[in-house]
Amino acid sequence: MKDIFSGHAKDDYWLIKETEWVKGLQGIRESQFSLGNGYMGTRGIYEEIPYDCRPGTFLCGIYDKMASQVSELVNLPNPVNFQFTIEGEKLDAIAMDVLEHKRVLNMKKAVLARRTVYKDNKGRRYDYQSVRFLSQSNRNIGVVQIALTALDSTCLADISTGIDTSVSNAGILSEGRKKHFRIRELGQQRSAGYLVADTFEKKHTIVYWAGFYYKINGKKVIANDNIFRLKLKKGRTVVFTKVFCIKHYPRRKEFLSQKKDAFSIFYKAFRSDFSLLFQEHAKVWEKIWARADILIEGTANIQQNVRFNIYHMLICGCYNQGFSSIGARTLSGEGYRGHIFWDAEIFLLPFYLFMFPKVAKNMLLYRYRCLPESRKLAKGNGYKGAQFAWESADTGAEETPQWARDIDRTIVSIHTHEMEQHITADVAYAVYKYYLATGDYKFMDNYGYEILIETARFWVSRAKENKKTRKWEINRVIGPDEFHVGIDNNAFTNMMAKWNLLIAAKMTVELKKKNRIYKRLKNKLEFKEKEIKFWRKVASKIFISINKKNIIEQFQGYFKLRKVEVDKTDENGIPFIPSKLKAKDLGKTQLVKQADVLMLLCLLDDVFSFKTKKKNYDFYISRTVHKSSLSAPMHALIACEVGDLQKAYSFFNVSLRADISNLYGNTFEGIHAASLGGTWQALILGFAGVKVKHENLFINPRMPLSWRKIIFNIFWRGCLIKLELTNEEVKVKAVSKKNKSIKLGIFNKLLNLNINKAYTFKQQASTGKRQEEHY
């Protein structure tokens, strides 16, 4: 009997395992075992499509709004479909008995492998093995291989492996299930099946090609149809290989040329041997992991989970000239309809910025491409400049639905699109951080300065001067803590707006030195130099409330709200909201949904003193109930910063296991992108102590005592920096073909290091605290 499974199930530190079939976990496993290559993503379904299976095939940036309140990431026809019927009885985990079952996601090679032994109602056993991957060497190609053996007797098998067009997007609240594509043409040609589909809004044409062959005793037979019958002889393995190609195009009336183009991509792969296709795919992944992997010595129990988080960021990172960014549930599910939030810039982008700067740039190019709609949104709301949508899809228009379920499952009206405006400053923040980390002046010249100017213009039109106090206020907003709606002067929003204005002013003054580019932007944006002065004036007088104990008031009036004691937690230390307190009344209390003021202290790290951070951490930590996957990683990060390593490690573990353990009960909707990025930040920016301070990169590790060593890479200003850290020692080597030296801060001391030379630095006894700048 041929074994195609075992070779992919070695090295436990790289495997996520499923050791039994549990029907109730099917949706969760489909998200966890997702495959992707940045262009397309497929959920980790079983090929035979058992009952209640939720196939998901998504292309980055392909949205449609027809029959929905708002645009949705389109769930496209399912190419993985591969079904067997043995003499009238379907071979799958529900129709037959499962005697043995093993499935692994091999993250090292991004391949999903499985072995299941079935028993039919006559007591006959069948050994089913499968291996599949979405090619990283050719992102339009996917491959499925199945080995089927009748163990007890010869039988007839009916095989059906066409592209499944019955899929649809999930129903949400008042909306039923809906399709977002229509088939224009399908058929068989040149020993392969094809399908041409349009999204209903006629923006995109998607072309599929799929073909398969099978081998018996080494003899290869190319199938001429998707449905046929085959005799399975006892003990003889039949190996089926299916190759498919998916590619999207701008919608045109004539699609013959698109069909031919997709066929040429497909046919090249279809002619290749499975082993060659897999080898090419695995080689690319080897290079990816050589850059992105993090090794933590002394923590075998979390190594797999760290790689799980990194893997899911790797499979959704895209390079498509800003065609799209990364949605809140990656390409692993339909949660939040595939929309793009602040999660992308604030939680995910740091990983790509330090690992794959091209992906970070792509995410910002998406925001630049959204500027026309963002200007429309600002103008429609009575403001100037550009206001980025709270939820966006393909165009940048506002896509927030009108209704959603609250934490108690009641249906409530949504106001985030009207009031959660800090996303505009979040985008500007990401632009500036990209500039600091890469020194990409060309990006700034062509895109970045324009975003900074237009976001600054938004904030000076959004803020209003209080004639009595002479302070500039930003009223009727929602901060990151979404329990409190329609509040005035949220500290996070106001401080991020202030930062946006000051950085825009600083960068625009620098831009004036580039006379030609400055003139071009000045003419394009009708920009006047007196605007810079006004930005600085408003920034200097933006309202921030800080009491005598140095506690930043989350918003005006927060200190007067009812204090609620939270004394019960779950096994992860996450507080329970008192049962008597209704969801609609949370806004009347000091309970905080997720990091808000503490989030501000994380983002503007070198703005606030250690004392301010510690006092605010102590105050807000007891008031936060962490009812968002965004909360735990940011609390891990700030806990590191103030020296509370016990809580930092606890929050880190919650964040790390958000999806692998389904801690929030909704992993079936897709993997939580913000939690992935936040976990990486807690690990690298928190425990490893990587920090951008005063526009330089510093390394100051503060790892848990059980961690002997952490080894990882980061990119900084054109150099790949290889790091090996303990709490007492930093080993560093900067690799670059262009630079000759690089400035790095090691244990708070700024040094000039030669390129391609290995250094070892040991921690010196502290000589006192360095004063940090703060407002």
Positive end of the charge dipole of region 8-75 (Lys, Arg +1 and Asp, Glu -1 on Cβ, about the Cα centre): tell me which of 34, 50, 61 has its Cα farthest that way.
61
Place +1 on the Cβ of every Lys and Arg and -1 on the Cβ of every Asp and Glu in the chain, take the dipole about the Cα centre, and give the residue among 85, 128, 569 whose Cα lies farthest towards its positive end.
569
Between residue 89 and residue 549, what length in nm is gained on full extension when 0.36 nm per residue of separation is reduced by their alpha carbon distance?
158.4 nm
If you filter region 613-714 for GluC sites (Glu not before Pro), then keep DSSP loop positions with at most 11 other Cβ within 10 Å, what is left?
695
To the nearest 20 debye, region 209-323 has a Cα-centred charge dipole, built from +1 on Lys and Arg Cβ and -1 on Asp and Glu Cβ, of 860
Tell me the accessible surface of residue 370 in square angstrom (1.4 angstrom probe, heavy atoms of protein chains only), to the nearest ten.
0
May I ask you to give the percent of accessible area on region 545-587 that is carbon plus sulfur, with a probe radius of 1.4 Å?
50
About the Cα centre of region 429-564, what is the dipole size in debye to 20, counting +1 per Lys and Arg Cβ and -1 per Asp and Glu Cβ, all else neutral?
660
If you roll a 1.4 Å probe over region 595-718 with all protein chains in place, what percent of the accessible area is carbon or sulfur?
53
When the Cα centres of region 626-700 and region 429-478 are compared, how far apart do they sit, in Å?
26
Everything considered on the Cα gyration tensor (a ≥ b ≥ c; rounded for a/c under 1.5, else prolate if a/b is larger than b/c, else oblate), the chain must be described as prolate
Ordering 184, 54 by how much accessible area each has at a 1.4 Å probe, largest first, what is the list?
54, 184
Tell me, what is the percent relative contact order of region 390-545, built from C-alpha pairs under 8 Å that lie six or more residues apart?
21
The chain, helix-only ellipticity at 222 nm - DSSP H runs n ≥ 4, -39,500 (n - 2.57), divided by all residues, nearest 500:
-8500 deg cm²/dmol
Can you compute the FRET efficiency between residue 406 and residue 320 using 1/(1 + (r/R0)^6), with r the Cβ-Cβ distance and R0 = 41 Å? Round to the nearest 0.05.
0.70
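For the chain, give the magnitude of the charge dipole about the Cα centre (Cβ charges: +1 Lys/Arg, -1 Asp/Glu; no others), in debye to the nearest 20.
The calculated dipole for the chain is roughly 2640 debye.
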By accessible area (1.4 Å), largest first, 563, 506 order as 563, 506
Excluding ligands and nucleic acids, what accessible area in Å² is computed for residue 618 using a 1.4 Å probe, to the nearest 10?
80
Over region 438-592, what is the percentage of antiparallel beta bridges among all DSSP beta bridges, to the nearest 5?
75
Simple spin-label model, 7 Å along Cα-to-Cβ: residue 413 to residue 256 in nm?
5.5
Listed residues 421, 518, 716: farthest to the positive end of the dipole of the chain (Cβ charges)
518
Gap in Å between the Cα centre of region 162-225 and the Cα centre of region 577-625?
48
Per residue solvent-accessible surface (Å²) - the chain, probe of 1.4 Å:
40
Tell me, what % of the accessible area of region 359-427 is carbon and sulfur with a 1.4 angstrom probe?
52
In the chain, which whole DSSP H runs stretch at least 30 Å along their own axis (Cα) and average 0.5 or higher on the Kyte-Doolittle scale?
none
Between region 239-270 and region 86-151, the Cα center-to-center distance that results, in Å:
26
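The values are calculated or read from the model by the stated rules, or taken from the named source; none is laboratory data. Since we're looking at a predicted model, the values are computed, not measured. All Cβ positions, even for glycine, are placed from backbone atoms using ideal geometry, and neighbour counts span all protein chains on display. Side chains included, ligands, DNA and RNA excluded: accessible areas come from the protein's heavy atoms. Shrake-Rupley method; radii C 1.70, N 1.55, O 1.52, S 1.80 Å.
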